[in-house]
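*Asks:* I am attaching a structure below and will ask some questions about it afterwards.
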Amino acid sequence: MATGGKNDVPRCARMGKVEALLVGAGRGGVAILHVFRHYDWLWLKAVIDIDKNAVGMKLAESMEIPTYSNAAEVVPDFDGDLIIDVTGDPALAPALLAMRSNKSIDIISGKAAKLLYDLVRDQIHHQDRIQQKVMQLELFRAMLDISKQLESTSEQSTLLDHGVQSSAQLIVAHKALAVDCAALDANIVGGIGFDKLPKHIDREVLDRMIDRVKKRAGLTCVEIPEKLELSGIEGGFELAVPIYIDGVLCYLMLFQIPLPVTQATREMLETLVSHLELALVAHRRFKSLEEMAYRDPLTGLYNRRYFDERLEEELERSRRLGSNELALMFMDLDHFKELNDTLGHAVGDKALKIIATAIHDRFRPYDILARYGGDEFVAILPGVNDKTLQVICNRVLAAFDQQENETLAKLMDGEKLGLSIGACLVRSGSKLGAADVLKQADEALYRAKQAGRGTVEIVSIGLKKPQ
């Protein structure tokens, strides 16, 4: 009794291949099946063993190779090239010689069969070692690339993009995507294999995939046999790889790759993903420390150190662009010392936080607002003119007055504060450095306080633009 399969093909369709019969489905037969499955040029016509339940018979059926329990059923009609006998029965080889259909069919049996197996097994083992070394080299290169990006990038999305590209190249994926799981629009933050990278994927589809990944907690590689189809993307994704940061699923990498994933590929991918996760954690912690170093702990605004660095940079950029104008605002609270002396520093700190929040909302997103020290605030305003600067100063005063009449009045138990503003507009052609510009704004602030406080004083330096 035989099972049919893909080998049931006319000889003319197998030109250039060696057609063979394998006799024996015990340990030797299984070994030969595993060895020769690596070679496309070897066509196994059938596997023969008197034991229908031999492990090699089951393996052959899984490989869609016909199986027989009686050599006489298939050998007399076999018109191929080779019969491999791995039964170890010395009497079987002569019987096979007698049964073969023509004398051009070679029979490998006994010690010759063992020698053939040993030679081919060693060759395949050598090839596997070479392939493993190549994959290890590619893994190290990918890890090095991610490490280099960690030193130079300021965005996690850049790390993810390099991570998904390195992973796709390592496991030879046709297409790959990295998706931000936390983003409301399921933003795509990296990918490979696309002429134009999509911006996002369907959020519901992503949520279902996230649920599936979470149910397989602990797995680095989640196979998707039915394929994950995404709108607007040709082909389905067969593999999902979760990226965790501090135990939270933050990103998901999707790959188009033939299944099943080999153990060697899985191990390489697990190593690369672990390295990528460590890089992302390190990046997040570095950014957090960097942010702490540049923030005022009380108000959350930038601190003096950050302000001084940015002022130099913005002045240099303004000079380089030539036509660009920049302003520096210096703000100081009136009667703040009296407030601290009367109600204490705790109330003073609360007032500073309220004021910082109120005036911050009146600046543009790209303006740089900092606490300069004590009750002093400074701001850098790129790309402003006389009119724009005056409007922003007025908005800041109005925001302060609103807080003075609402929140601050209750907090200060009748005590009154004021806000004075001195501003320096740096026009095109100015050669003044940061210290000189800051001095000009500070002197303008002094004149504002002398004029009655709660007022704005603006000074301009450089050439005025022609109207």
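*Asks:* Can LEU272 be described as surrounded by 20 or more Cβ atoms within 10 Å (Cβ to Cβ), modelled with pLDDT of 90 or more and under 19 Å from CYS221 (Cα atoms)?
*Replies:* Spelling it out, it is not the case that LEU272 is surrounded by 20 or more Cβ atoms within 10 Å (Cβ to Cβ), modelled with pLDDT of 90 or more and under 19 Å from CYS221 (Cα atoms).
*Asks:* Identify, from the list ALA46, ALA60, ALA142, the residue that is crowded, with 19+ Cβ neighbours inside 10 Å and touching a Phe, Trp or Tyr at 6+ places or on another chain (Cβ under 7 Å).
*Replies:* ALA46
*Asks:* A follow-up question, please. Restricting attention to segment 217-243, and to residues there that are touching a residue at least 60 places away in the same chain (Cβ under 8 Å) and either hydrophobic (A, V, I, L, M, F, W, C) or not assigned by TED's automatic domain parsing to the domain that holds ALA176 (or both), which single residue is farthest from THR271 (Cα to Cα)?
*Replies:* PHE237
*Asks:* Please specify each residue of segment 8-62 satisfying the condition of being under 23 Å from HIS125 (Cα atoms), of a type in the set (Lys, Arg) and at pLDDT 85 or above.
*Replies:* none
*Asks:* Of these, LEU381, LEU411, which one is assigned by TED's automatic domain parsing to the domain that holds ASP308 and under 17 Å from PHE336 (Cβ atoms)?
*Replies:* LEU411
*Asks:* What number of residues in segment 186-216 are exposed (fewer than 12 other Cβ atoms within 10 Å of the Cβ), assigned to a loop (DSSP other than H, G, I, E, B) and touching a residue at least 12 places away in the same chain (Cβ under 8 Å)?
*Replies:* 1
*Asks:* Got a sec? Which of GLU376, GLU314 is under 40 Å from the mean Cα position of the chain (by Cα) and within 27 Å of LEU425 (Cβ to Cβ)?
*Replies:* From the options GLU376, GLU314, the qualifying one is GLU314.
*Asks:* Considering every residue within segment 386-398, establish whether at least one is buried (at least 18 other Cβ atoms within 10 Å of the Cβ), assigned to a loop (DSSP other than H, G, I, E, B) and either in contact with a strand residue (DSSP E or B) (Cβ under 9 Å, 6 or more places away or on another chain) or touching a residue at least 12 places away in the same chain (Cβ under 8 Å) (or both).
*Replies:* Looking through segment 386-398, none of the residues is buried (at least 18 other Cβ atoms within 10 Å of the Cβ), assigned to a loop (DSSP other than H, G, I, E, B) and either in contact with a strand residue (DSSP E or B) (Cβ under 9 Å, 6 or more places away or on another chain) or touching a residue at least 12 places away in the same chain (Cβ under 8 Å) (or both).
*Asks:* Tell me, please, whether a residue that is in contact with a strand residue (DSSP E or B) (Cβ under 7 Å, 6 or more places away or on another chain), surrounded by 15 or more Cβ atoms within 10 Å (Cβ to Cβ) and at pLDDT below 85 can be found in segment 407-421.
*Replies:* Checked segment 407-421: at least one residue is in contact with a strand residue (DSSP E or B) (Cβ under 7 Å, 6 or more places away or on another chain), surrounded by 15 or more Cβ atoms within 10 Å (Cβ to Cβ) and at pLDDT below 85.
*Asks:* Please go through (1) closer than 19 Å to ASN340 by Cα; (2) touching a Ser or Thr at 6+ places or on another chain (Cβ under 7 Å) for LEU419 and return the number of the only condition it doesn't satisfy.
*Replies:* (2)
*Asks:* Quick one: what pairs do we get from segment 426-445, first residue under 20 Å from THR388 (Cβ atoms), second surrounded by fewer than 15 Cβ atoms within 10 Å (Cβ to Cβ) and small (Gly, Ala, Ser), C-beta under 7 Å, 6+ apart or different chains?
*Replies:* Within 7 Å, the pairs are SER428/GLY322; SER428/SER323.
*Asks:* Filter segment 386-406 for residues that are modelled with pLDDT of 90 or more and either among the polar types (S, T, N, Q) or outside the structural domain of ALA435 (by TED's automatic domain parsing) (or both) and give the result.
*Replies:* Selection gives THR388, GLN390, ASN394.
*Asks:* For segment 301-314, indicate whether the set of residues that are in contact with a Leu (Cβ under 7 Å, 6 or more places away or on another chain), of a type in the set (Asp, Glu) and farther than 27 Å from ASP207 by Cα is non-empty.
*Replies:* Taking every residue of segment 301-314 in turn, at least one turns out to be in contact with a Leu (Cβ under 7 Å, 6 or more places away or on another chain), of a type in the set (Asp, Glu) and farther than 27 Å from ASP207 by Cα.
*Asks:* Moving on to the next point. I'd like the full set of residues that are in contact with an Asp or Glu (Cβ under 7 Å, 6 or more places away or on another chain) and surrounded by fewer than 15 Cβ atoms within 10 Å (Cβ to Cβ), limited to segment 224-243.
*Replies:* If the condition is that a residue be in contact with an Asp or Glu (Cβ under 7 Å, 6 or more places away or on another chain) and surrounded by fewer than 15 Cβ atoms within 10 Å (Cβ to Cβ), then LYS227, SER231, GLY236 are the ones that fit.
*Asks:* Restricting segment 49-66 to residues that are assigned to a helix (DSSP H, G or I) and in contact (Cβ under 8 Å) with a residue 12 or more places away in the chain, which is farthest from GLY26 (Cα to Cα)?
*Replies:* Top of the filtered list is GLU61.
*Asks:* Looking at ALA183, ALA178, can you tell me which residue is aliphatic (A, V, I, L, M), in a strand (DSSP E or B) and within 22 Å of GLN156 (Cα to Cα)?
*Replies:* Exactly one of ALA183, ALA178 is aliphatic (A, V, I, L, M), in a strand (DSSP E or B) and within 22 Å of GLN156 (Cα to Cα), namely ALA178.
*Asks:* Next up: Restricting attention to segment 287-302, which residues are exposed (fewer than 13 other Cβ atoms within 10 Å of the Cβ) and in a helix (DSSP H, G or I)?
*Replies:* Listed by number, the residues that qualify are SER288, LEU289, GLU290, GLU291, MET292, ALA293.
*Asks:* Do we find that ARG305 is under 21 Å from the mean Cα position of the chain (by Cα), assigned to a helix (DSSP H, G or I) and either more than 21 Å from GLY193 (Cβ to Cβ) or not assigned by TED's automatic domain parsing to the domain that holds ALA351 (or both) in this structure?
*Replies:* Criteria not met by ARG305.
The values are calculated or read from the model by the stated rules, or taken from the named source; none is laboratory data. The structure displayed is predicted, hence computed values, not measured ones. Every residue, glycine among them, receives a Cβ derived from its backbone with ideal geometry; neighbour counts consider all protein chains shown.
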